[in-house]
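Step one of this worksheet: look at the structure below.
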Amino acid sequence: MSQEFETIRHDDEAYVMHTYGRYPVALDHGFNAHVWDVDGKEYVDLLAGIAVTSLGHCNDEVCRTLEEQARRLWHTSNLFYQRPQVELARRLLGTAHFGRAFFCNSGAEANEALIKLARRYMTRIRGKKDACDIITLSGCFHGRTLGTLAATGRDSLMDGFTPVAGGFKQVPAGDLEALAQAMDEKTCAVLLEVVQGEGGVIVLDDDYVRGVEALCRERDVLFCCDEVQAGMCRSGRFWAFQTCGVKPDIISMAKALANGLPMGGIMATAEVARGFEPGSHATTFGGSPLVASVAAKTVEIMVRDDMAGRARILGERVMDRARTFMQAHPGCISEVRGKGLFIGIELPGDAKDVWSRLLEKGFICNLCHGKTLRLLPPLTISEADLDAFMETLEGLLLQN
Ligand SMILES: *Cc1c(COP(=O)(O)O)cnc(C)c1O
């Protein structure tokens, strides 16, 4: 490791709170699916800042929009109308069946807004005074605020932070019977990720997701999807719920929404959006002209260039190759899961060693729960980069 890297690491440890287990790399710059560290070493980036820079690092068109807007207007507060936020909402609504959008600054904040809207719609508009409970699934991840920690319901994440918010229940993912039994007159909504990202790329069965929606309709409960990680074309459709043919009442979004600038939001049907009226929910920064203009450009490009189709084709290519290898070399890979360019390759043994050798060889991916390599590359990544990754991974697995 170079002196420059050691200085950065030392200062980070000295000055920044110790909330992250960081990779032993200090990144300096990037272009599309490639990044370079402070010593000039090049990497293929199959993580994209955790599903964020989906159009690649420093995308030319997005950069131009950012530069132009940076000289025009950054921030107005939400006391004023402004063009970029309306433009973004209009483009997003064009991707699905929703009627209204709201913008905030992160995934956790988006889920907070989703939960608040669901409760307010049910209790105020629908007059179901006790309907405040949100049901989530085992293995989910919805964020780190006190409300979304409660939604996530994982003891290890709540340790030392209790009390978290009340009004949450959790049922085993995949078990419709358990969900049916958990629902009562206090149930407000069910919230799920069609592909559980932090859970280790767990793909919920399409029939199960349709079953959850049907149960919600039958019991008069809102059906909501957390699209923070799986949304924005990553799954092979613009929204992951579209791969199952369901129509949620509310979704949350964030990560890739502004291709790297912090932004979150929710979309709801026009009916459910009635739950919010002026003064009921707000944020100072949410949907600022700077971030919204970048997000509007991101959505425009994703639709124009059919990034969902690209994710579907490239994802199938990677998963087919991984499954073929798995069959040809029993014991090397235990499972390949995913939708589009949202892929988990689970290894039978300790995957840490494989992961760190990939990093040494210049391939960045994420390791989930010590056993699953999670791939979330930019949707603009080349076939050649994906092939090079698979080639290297197969080589490492054969050596093991
Ligand atoms: C990352 C993530 C969140 C939290 O987003 P932040 O921007 O980190 O607050 C919520 N839900 C899902 C599914 C996520 O992947």
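Apply 1/(1 + (r/R0)^6) to the Cβ-Cβ distance of A328 and L79, taking R0 = 60 Å, and write down the FRET efficiency to the nearest 0.05.
That gives a FRET efficiency of 0.45.
If I fit a long axis through the Cα atoms of helix 107-120 and take the longest principal axis of the Cα atoms of the chain, what angle between them do I get, 0 to 90°, rounded to 10?
Approximately 20 degrees, to the nearest 10.
7 Å from Cα along Cα→Cβ at both V16 and T123: what's the point-to-point distance in nm?
With each label point 7 Å from Cα toward Cβ, the separation is 3.9 nm.
Quick one: Karplus J couplings for the stretch 28-42, per residue in order, coefficients 6.51, -1.76, 1.60, θ = phi - 60°, nearest Hz, x for Gly and Pro?
After applying 6.51 cos²θ - 1.76 cosθ + 1.60, I find 10, 7, x, 8, 6, 9, 10, 10, 10, 8, 5, 9, x, 6, 9 Hz.
So what is the accessible area of the chain per residue, in Å², with the probe set to 1.4 Å?
Per-residue accessible area for the chain comes out at 45 Å².
Just the number, please: carbon plus sulfur as a percent of the accessible area of the chain, 1.4 Å probe, no ligands or DNA/RNA counted.
Exposed carbon and sulfur together represent 52 percent of the surface.
Quick one: length gained pulling E42 to K247 fully straight, 0.36 nm per residue minus the C-alpha distance?
Additional length available on full extension: 69.6 nm.
Step by step: find N for the stretch 259-304, compute 2.2 N^0.38 Å, then divide the Cα radius of gyration by it. What's the final number?
With N residues counted in the stretch 259-304, Rg over 2.2 N^0.38 Å equals 1.37.
Dipole of the stretch 43-177, Cα-centred, from +1 at each Lys and Arg C-beta and -1 at each Asp and Glu C-beta, to the nearest 20 debye?
Dipole magnitude for the stretch 43-177 comes out near 820 debye.
Would you mind checking the tilt of helix 307-328 against the longest principal axis of the Cα atoms of the chain, expressed as 0 to 90 degrees and rounded to 10?
50 degrees
Dipole of the chain, Cα-centred, from +1 at each Lys and Arg C-beta and -1 at each Asp and Glu C-beta, to the nearest 20 debye?
1460 debye
Helix 60-70 versus the longest principal axis of the chain: what is the Cα-based angle in degrees, 0 to 90, to the nearest 10?
That works out to roughly 50 degrees.
For the chain, what relative contact order do you get, as a whole percent, if you take Cα pairs closer than 8 Å and at least 6 residues apart?
Across the chain, relative contact order equals 22 percent.
Express in nm, to one decimal, how much length is gained between D350 and T392 on full extension, taking 0.36 nm for each residue of separation and deducting their alpha carbon distance.
13.4 nm
Can you quote the Å³ per residue value for the convex hull of the Cα atoms in the stretch 261-400, rounded to an integer?
165 Å³
Once you have the Cα-Cα distance between C58 and S382, take 0.36 nm times their residue separation minus that, and quote the gain in nm to one decimal.
115.1 nm
Highest GNM mean-square fluctuation, the chain, Cα pairs closer than 10 Å: which of I125, I202, I364?
With Cα springs under 10 Å in the chain, the top fluctuation among I125, I202, I364 is at I125.
Take the Cα of E360, step 7 Å along the line toward its Cβ, and report every residue of the stretch 44-63 whose backbone nitrogen sits under 13 Å from that point.
none
Per 20 Å bin, what percent of the C-alpha pairs of the chain does each bin hold, from zero upward?
Here the calculated profile for the chain is 27, 58, 15, 0.
Once the convex hull of the alpha carbons of the stretch 219-301 is built, what does its volume come to per residue, in cubic angstrom?
Considering the Cα atoms of the stretch 219-301, their hull volume per residue is 110 Å³.
Using a simple charge model, +1 on the beta-carbon of Lys and Arg, -1 on the beta-carbon of Asp and Glu, nothing else, what dipole does the stretch 261-400 show about its Cα centre, in debye to the nearest 20?
In total the dipole reaches around 160 debye.
The values are calculated or read from the model by the stated rules, or taken from the named source; none is laboratory data. The shown structure was predicted, so the numbers you read here are calculated from the model rather than taken from an experiment. Reconstructed Cβ throughout: ideal geometry from the backbone, glycine too, with neighbour counts over all protein chains shown. Protein only, heavy atoms only, side chains kept; ligands, DNA and RNA dropped before computing areas. Shrake-Rupley method; radii C 1.70, N 1.55, O 1.52, S 1.80 Å.
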